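Trainee: Structure in structure tokens, see below.
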Amino acid sequence: MNILLFGPNGSGKGTQGAIIKEKQGVPHIETGVIFRENISGGTELGEKARAYIDKGELVPDEITIPMVLDRLKKPDCISGWLLDGFPRNLAQAVSLNKALDNEGMSVDVLIEINLDREIAKKRIMGRRICVNDNNHPNNINIEAIKPNGDRCRICGGLLKTREDDQDESAIDKRHEIYFDSKQGTMAAINFFKDLSENNGSPSVIELDGKKGVGEVTDELMKKLADL
Ligand code: AMP
């Protein structure tokens, strides 16, 4: 199953993504994680991406689009994938759809987690990243996934913050891009929703991100099972 996962930064996308990955047995491909791995690995791609990421701006499409399309060609994607953080604008949505079309593939499911900007911002600032595994969600502002003291609640690893998570103007910038329905992420979501209306595919699942982590997961699993 090929899945796109949308939600503003701070909506619990990464948390739900890790659960979907387990349940569906598909790789969880997060563009933000790929960039951060490249930055910490000191690669050329990381060097190019860093300045944009620090400001909360999008890394240019000519870097991001080929990077994602290459990733989807890896053998672990053969029976499906979960894309999180891509497409983030209309151009990326169109490119993805075209590239999939050329390979005789398509998006099967679009998952959208809805959440108000202010709540999302509070959650972002509480987010803590596990140095051992980025997919271990910890957040000092969310009861269900509070760290164990100053350590990862899952593996006990050290926790750190992302610089762009503590910078309010970078957070606002990321949200502006997300909620932009002309060219931004909302435009990408609407592009696939239009496809859904016209072709009956992808299936669309909308979730209320205000609910607790467990409740969102239960609703998501039920809706996935009903497809
Ligand atoms: P995230 O981890 O999803 O919050 O992404 C962190 C940062 O990586 C974003 O603020 C962007 O600078 C960059 N980034 C992630 N995904 C994309 C994308 N699809 N297109 C361009 N830049 C991206």
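The values are calculated or read from the model by the stated rules, or taken from the named source; none is laboratory data. Quick caveat: nothing in here was measured; it's all calculated off a predicted structure. We place every Cβ from the backbone using ideal geometry, glycine too, and count neighbours over all the protein chains shown. Calculation scope for accessible area: heavy atoms of the full protein, side chains included, ligands and nucleic acids excluded. Shrake-Rupley method; radii C 1.70, N 1.55, O 1.52, S 1.80 Å.
Trainee: If each DSSP helix of 4+ residues adds -39,500 (n - 2.57) and the sum is divided by the residues in the chain, what number results at 222 nm, nearest 500 deg cm²/dmol? Write out the running numbers ahead of the final one.
Mentor: Numbers: 9 runs with 108 residues, N = 227.
The helix-only estimate for the chain comes to -15000 deg cm²/dmol at 222 nm.
Trainee: Taking the chain as a whole, which cysteines find no other cysteine Cβ under 4.7 angstrom from their Cβ?
Mentor: That list is Cys77, Cys155.
Trainee: Oh, and also: Give me the number: length gained by fully extending Arg117 to Glu22, i.e. 0.36 nm times residue separation minus the C-alpha to C-alpha distance, one decimal in nm.
Mentor: On the way: separation 95, 0.36 × 95 = 34.20 nm, distance 2.83 nm.
Gain on extension, Arg117 to Glu22, equals 31.4 nm.
Trainee: Please list the three semi-axes, largest first and in whole Å, of the ellipsoid equivalent to the chain, using sqrt of 5 times the eigenvalues of its alpha carbon gyration tensor. Present the calculation step by step, with values, prior to reporting the outcome.
Mentor: On the way: eigenvalues 128, 88, 63 Å².
Equivalent-ellipsoid dimensions as semi-axes: 25, 21, 18 Å.
Trainee: Let me ask another. Starting from the Cα gyration tensor of segment 157-214, take the square roots of the eigenvalues, sort them a ≥ b ≥ c, and report rounded, prolate or oblate (rounded when a/c is under 1.5, otherwise prolate if a/b is larger than b/c, else oblate).
Mentor: Details: a/c = 3.00, a/b = 1.65, b/c = 1.82.
It comes out oblate by the Cα gyration axes.
Trainee: Ranked from highest to lowest mean number of other Cβ atoms within 10 Å per residue, what is the order of the peptides 70-80, 175-185? Before the final figure, lay out each step's value.
Mentor: Numbers: 70-80: 12.5, 175-185: 16.4.
The most tightly packed comes first, giving 175-185, 70-80.
Trainee: Please give the contour-minus-distance gain from Glu143 to Ser196: 0.36 nm per residue of separation, less the Cα-Cα distance, rounded to one decimal in nm. Don't skip to the answer; put the middle values down first.
Mentor: On the way: separation 53, 0.36 × 53 = 19.08 nm, distance 3.57 nm.
Result for the pair: 15.5 nm of gain on full extension.
Trainee: While we're on this one: Among the helices of the chain (complete DSSP H runs), which have Cα atoms covering no less than 20 Å along the helix axis and a Kyte-Doolittle mean of at least -0.5?
Mentor: Working: long enough: 185-199 (21 Å, -0.23).
Span-like helices, by this rule, are 185-199.
Trainee: Taking the full set of protein chains and a 1.4 angstrom probe, give the accessible area of Met186 in square angstrom, rounded to the nearest 10.
Mentor: The accessible area comes out at roughly 40 Å².
Trainee: Tell me which lysines have Cα within less than 16 Å of Lys182's Cα, excluding those fewer than 8 residues away on the same chain?
Mentor: Straight-line reach from Lys182, under 16 Å: Lys173, Lys193.
Trainee: Moving on to the next point. Under the classification rounded if a/c is under 1.5, otherwise prolate if a/b is larger than b/c and oblate if not, where does segment 6-122 fall, given a ≥ b ≥ c as square roots of the Cα gyration tensor eigenvalues? Display every interim value, and only then the final one.
Mentor: Working: a/c = 1.45, a/b = 1.07, b/c = 1.35.
Here segment 6-122 falls in the rounded category.
Trainee: Taking the Cα of Arg162, stepping 7 Å toward and past its beta carbon, and measuring to each backbone N in segment 184-200: which are under 15 Å?
Mentor: Hits in segment 184-200 for Arg162 at 15 Å: none.
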